[in-house]
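S.K.: Before I ask anything, here is the structure I am working with.
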Amino acid sequence: PEYRELRAKVTFEELCRSPELCAEVTLQPIDRFGFDAAILFSDILVVLDAIGVPVAFNPAPQVATPVRTAADVE
C-alpha cells in the first residue's frame with residue numbers, strides 16, 4: 001500500500017530518477033516486515049541514459065533509438 005500511495009503522487013520515471021524516492025521505496029518492505037536486507041529499487045533501463053540512449057516511460061518503457069549493435073551507441 002505504501003508503494004501504491006507514493007506512485008499515485010509521482011510517475012514511474014520520477015521514482016526511478018530520484019535517489020530519495022528510490023531509497024524510500026527500497027526501505028518500505030524493511031519498515032513493514034522488518035527484513036534484515038533490502039533489494040535496491042530501480043529499473044534496469046535507466047542505465048541506458050548513461051550511455052546516451054534516451055528512455056521514456058509512457059507508461060511502458062520506450063527507447064527512441066533502439067541499440068541493435070555496438071555501432072548504434074555514440
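The values are calculated or read from the model by the stated rules, or taken from the named source; none is laboratory data. Worth saying up front: this structure is predicted, and the values here are computed from it rather than measured. Here the Cβ positions follow ideal geometry from the backbone for every residue, glycine too, while neighbour counts run over all protein chains shown. When the accessible area is computed, the model is the full protein with side chains, heavy atoms only, and any ligands, DNA or RNA have been set aside. Shrake-Rupley method; radii C 1.70, N 1.55, O 1.52, S 1.80 Å.
S.K.: Could you list, in sequence order, the residues of the range 13-49 that are exposed (fewer than 10 other Cβ atoms within 10 Å of the Cβ) and not aromatic (Phe, Trp, Tyr)?
M.R.: Answer for the range 13-49, where residues must be exposed (fewer than 10 other Cβ atoms within 10 Å of the Cβ) and not aromatic (Phe, Trp, Tyr): 19, 20, 34, 36, 37, 39, 40, 44.
S.K.: Out of (1) open to solvent by less than 90 Å² (accessible area, probe 1.4 Å); (2) within 29 Å of residue 2 (Cα to Cα); (3) assigned to a loop (DSSP other than H, G, I, E, B), what's the single condition that is false for residue 52?
M.R.: The single condition residue 52 does not satisfy is (2).
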